[in-house]
1. Report Rg/Rh for the chain, rounded to two decimals, where Rg is the Cα radius of gyration and Rh the Kirkwood radius.
2. May I ask you to rank Arg73, Arg155, Arg16 by accessible area, largest first, using a 1.4 Å probe over the protein chains only?
3. Just how far, in whole angstrom, is the stretch 327-401 from the stretch 510-544 if you go by their alpha carbon centroids?
4. For the chain, what % of the accessible area comes from carbon and sulfur atoms, probe 1.4 Å?
5. Give Lys124/Lys611; Lys53/Lys150; Lys104/Lys618; Lys43/Lys133; Lys42/Lys150 a once-over and call out the pairs whose C-alpha atoms are over 22 Å from each other.
6. Taking 8 Å as the Cα distance limit and 6 or more residues as the minimum spacing, I'd like the relative contact order of the chain as a percentage.
7. Between helix 549-571 and the chain, what is the angle of the helix's C-alpha long axis to the longest principal axis, kept within 0 to 90° and rounded to the nearest 10?
8. Relative to the first principal axis of the alpha-carbon coordinates of the chain, what is the inclination of helix 513-530, with its axis defined by its Cα atoms, in degrees from 0 to 90 and to the nearest 10?
Amino acid sequence: MVESWSFLDTAESNFRPLVVIELAKGTKEETIEWFTKRIVDKKVNGGAQLLIKPLVTENGVENIYLVGASHLRLLLGAETVGLVKECSDNSMRTFTYSSRKTFKHFADDNHDFLTMAECQYIIKHELENLRAKDEKMIPGYPQAKLYPGKSIVRRLLTSGILVQIFPLHDREELKKLCHSWYGRVKVGYQPLDDIRCYFGETIALYFGFLEYFTFALIPMAVIGIPYYMFAWEDYDKYVMFATFNLLWSTVILEVWKRICAILTYRWGTLLMKRQFEEPRPGFHGVLGINPVTGREEPVYSSFKRQLRIYLVSLPFVCLCLYFSLYVMMIYFDLEQWALDYHKENESNFSSLMLYVPSIIYAVVIEIMNRIYRYAAEFLTSWENHRLESSYQNHLILKVLVFNFLNCFASLFYIAFVLFDMKLLRQSLATLLITSQILNQFAESLLPYWLQKRYNRRMKKRMCSTKTDADLSLAEQITMEKEMGTYLGTFDDYLELFLQFGYVSLFSCVYPLAAVFAVLNNITEIYSDALKMCRVYKRPFAEPTANIGVWQLAFETMSVISVVTNCILIGMSPEVDALFPDSKMDLVLTVALVEHLLLAIKFIMAFVIPDKPRDIQMKLAKLEFESLEALKQQVRAFQMQL
């Protein structure tokens, strides 16, 4: 590339605000001057080489700044973050500024070549990579210490100087997306490509998985209804249903990998090369030299981290698991009390009281899950993981273990200790339906109502009857900065994971679980879409090639479901009657069937390719062309010698 960062001009007449920075009220002038200078400084001087302007309102200059970038700066940033775009020959390639003319729809005057979400992602990347050089502290705040390599944005956030950074909504594009996405009730697919262009690949992939999972549940729901209506107590008739469930859970997860590959190839993220992972902003330690990169960065002893994990985090998690089991035993005491009350009274009221303990327990489970989530985040952050991927893996592991035990321990206890299938059906139905109602209320309805009330109050204060699309930039920012922050897809995937457990673990006991899951997911698509567009600030786009560790979590759940369903079928009176003389034969037969089903499951996972044939060929072709280009560069270098 002939051009370099140094020739870029930081001034641009047509300034387009993309990202908002809100500083705390009363922030010292020298701090503002230093921070804005670092943002506009050239890359060679350690700056981000972006554009920044203060937001000027009727009351004067606010503590809010708008960040943008020149078109040329964004193109060079696209190369830095490794964005993949479509070429004129319909192939997908990593964007480089030197070969920009070969990409489809590129023109020097076409500022729509990069989507707004991609531009905001580039700016976020540059701001997060602003590192301290020789500064020992943040100017004006001697208590806010700095050292070479420390993330400036992270230090400003932890010091309370920087309130928040968020990307701006595009009101016109948002209005179009709302109309095509959830503006009208229709039977059809979601506009995933439009969602990806506006919110990025991570969120689009979640909605793609939610839609796919909902459609995949329909066969289970259709088959489950007649089983529920005509074969409620005949567990031997559930053998075929349970077998179908086990094969179904394998097929849908393998087919999803293929669909995921098709989507992410089209979006370009399947080809994005994973760069050497930088230390996460929250990582801290003594300044040292990274032996791989040779750069200065914080260094923290892995031995100390392991001590924190095994001496503090692990005992805490075990204590929480014990507390969850203790609460479960209280629930069973309540169940026994309700049953005794019903036997004494035999009334309609006493019949309703039979469901009260399960409802209370479902509410307690949701409360415990949310409290534990905050504790797990604090502990994982305190463990001081260097990489964001390591932090996420440890957090997900903590949360999944607790949620699995908290949500399913009572069902396992009822099934395999109490051997009470009627109570198992009742508890499963109550836990599933109650958790779905609580999640819909807590995650969508309540935040939407609070945000709508706030927006109405703000518009009255502005003495304005304008629609959202007619708001001035200052009014738009004033409203958006008070909106809630979307914390990512973690909770959404967790909800689907638990739902998958309710459907698959005890399918032969409660076939209607899939029906309620489908109904919930249909409303979930619309409520989550409303939440993303109207309740929360616009999140930064995050490229991703798959659903990550959640794929492994779902596959693990499907393996556990094989074991539970085989044992439940083996416990049925009809199957038990086939082995009147030897229970050992029954156990061995159930174990044999379970191993056979697991073998079929793993064979199917091996036989079904993760990527379609055409995607494999395109990836192989790109790899071949990259090797050929590298060989030509080596030959050219050798000829120069």
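The values are calculated or read from the model by the stated rules, or taken from the named source; none is laboratory data. Quick caveat, the model's predicted, so the values are computed rather than measured. Cβ placement follows ideal geometry from the backbone for every residue including glycine, while neighbour counts extend to all protein chains displayed. Heads up: the accessible areas ignore ligands, DNA and RNA and are worked out on the full protein's heavy atoms, side chains in. Shrake-Rupley method; radii C 1.70, N 1.55, O 1.52, S 1.80 Å.
1. 1.00
2. So, going from the largest accessible area down, we get Arg16, Arg155, Arg73.
3. Answer, in whole Å: 22.
4. Carbon and sulfur together cover 63 percent of it.
5. Lys124/Lys611; Lys53/Lys150
6. Reported as a whole number, the value is 18 percent.
7. That helix lies at roughly 0 degrees to the long axis.
8. 20 degrees
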